[in-house]
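Scroll down for the structure; my scribbles are underneath it.
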Ligand SMILES: [Zn+2]
């Protein structure tokens, strides 16, 4: 299993951090649509900000995002 199979996520607001196999990630998110998957995943993971997001101000939203694999590769090599 190469690094390309893994997805690394981090939420800058709630501090969540995790690495998942790509398939597992989409399974948790319940969708394979990239932009939707991020948010669905945050909700599935129990991020309160993501759950309230619909009515929240922009700066109060979940900050979940993908972490580039390159930085990991450099550090672990
Ligand atoms: Zn969050």
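Here are a few things to note about the model shown:
- Full-extension gain in nm, residue 5 to residue 32, via 0.36 nm per residue minus C-alpha separation: 8.3 nm
- Extension gain, residue 67 to residue 23, is 14.2 nm, computed as 0.36 nm per intervening residue step minus the present C-alpha separation.
- Label-to-label distance, nm, for residues given as residue 54 and residue 13 (7 Å Cα→Cβ offset): 1.6 nm
Computed from the coordinates by the stated procedures, all read-outs in this text should not be read as laboratory data. Quick caveat, the model's predicted, so the values are computed rather than measured. Backbone-built Cβ (ideal geometry, glycine too); neighbour counts: all protein chains shown.
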